[in-house]
Amino acid sequence: MNFSNNKAIYEQMADRLCDEVIAETYKADDRIPSVREYSVMLEVNTNTAVKAYELLAREKIIYNKRGLGYFVSPNARKQILAQRKKGFMNDMLPELFRQMTLLEIDIKEVVEEWENRS
Amino acid sequence: MIEIKNLEFNYPGNKKKVFQGLNLSLKENRIYGLLGKNGMGKSTLLYLIAGLLQPKKGEVTVNGIESKLRRPEVLSEIYVVPEEYNLPNLTLKQYKKIHQAFYPRFSEEILNRCLTDFDMPLDANFKHLSMGQKKKIYMSFAIASCCQLLLMDEPTNGLDIPSKALFRKVVAGNLPEDSSLIISTHQVHDVEQLLDHVFILQNSEMIVNASVNELAEQYEFSYRNATEMDDSVIYAEPSLQGNAVIAHKKANSPETTINLELLFNAATLGKLNNK
């Protein structure tokens, strides 16, 4: 994985795990890789991976079973989708509208593209 | 674990002091990056910690015992991987038999795991190996020693392109939990995502001595275009994606990934003058 993106590495790791939950690579109550396994896969410091897991545990996307590891919370996927949707509405859409205004693109043109999408 | 107090050192016949009153302390379970331009004393510092060189003044202690005394209980907790070395014409098996006794927690299991991760055979005759292959074996042995402190001088020099990623995997996956590792290097991109803590050495002073968390809380690393260059910017370099920038981080803005090369350039040019 290339950490070119500006976010802190532990947040990028957390995002990546969330992507995998959305894609249902890990389903509700599935065990996710251990901190060590995940840090090896992405070639990062174990302490960074710990930070990513703590972040996800705080947000209740994963939960810990003592001695067994981390598991996907039953509501994780729903919760991530809700969170991502909020991000889309609050950040991406205003930026899109700004670009549309700048480039004088009418909403009808966008709707047309939307309906003809493959 | 390691305490360095008022360290002074110069090489015999050379009046120039490499260190003049250096203070430093190192803890368990950390990966330290030791950076500095050529000739600033990175390797000298590693050798002073290991007891291979002796301070002129001041002291270096490992668990409270001065390392220059070379006591067995200290030597069995430190493993040095120098930048260049010769291995005797032995097989790994023979080498292991001779050396593992010096390291009470030596783990055959970790050794084999490291060698496997490095794509190396579990036994080999050193005579037939290239420099890079010897380095992989030596580093595997170092990690398997389970010493409290591993010192690696330019560990990724001489490794081929895929092996640099393997090096990160080996360290991330096999470094024992209570061990600390100091990586002295110029190849910042080979190791930056492994580090917990950054040291930058210049003119016998640690001009940067901060954990990765502290750096990420204090500075923002980003790319900005010309209109975004406000007075929060501390240091900037032009790049293809716009200006690569270090700025004062605003209290509520999200943390960014540390750009170690940029940090190094800013620090060695004296732009981070808050330390």
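General remarks:
- Residue in region B:184-193 that is more than 18 Å from B:Lys42 (Cβ to Cβ), buried (at least 20 other Cβ atoms within 10 Å of the Cβ), facing another protein chain (nearest Cβ under 10 Å) and in contact with an Asp or Glu (Cβ under 9 Å, 6 or more places away or on another chain) present: yes
- Of all residues in region A:33-54, those that are more than 9 Å from chain B (Cβ to nearest Cβ) have Cβ atoms under 8 Å from Cβ atoms of residues that are outside any helix (DSSP H, G or I) and small (Gly, Ala, Ser), 6 or more apart or on another chain, in A:Ser34/A:Gly69.
- Hey, A:Ile80 touching a residue at least 60 places away in the same chain (Cβ under 8 Å), surrounded by 12 or more Cβ atoms within 10 Å (Cβ to Cβ) and not small (Gly, Ala, Ser) or not: yes
- Within the option set B:Ala216, B:Ala165, B:Ala226, being facing chain A (nearest Cβ under 10 Å), farther than 24 Å from B:Ile49 by Cα and either of a type in the set (Val, Ile, Thr) or surrounded by fewer than 16 Cβ atoms within 10 Å (Cβ to Cβ) (or both) holds for one residue only, B:Ala165.
- Test: B:Val74 is in the same structural domain as B:Tyr138 (by TED's automatic domain parsing), among the β-branched types (Val, Ile, Thr) and in a strand (DSSP E or B): no
- In region A:2-32, the residues that are surrounded by 14 or more Cβ atoms within 10 Å (Cβ to Cβ), small (Gly, Ala, Ser) and free of Cβ contacts under 8 Å to residues at least 40 places away in the same chain: A:Ala8
The values are calculated or read from the model by the stated rules, or taken from the named source; none is laboratory data. Everything numeric here is computed off the predicted structure, so don't read it as measured data. Neighbour counts run over all protein chains shown; Cβ positions are idealised from the backbone, glycine included.
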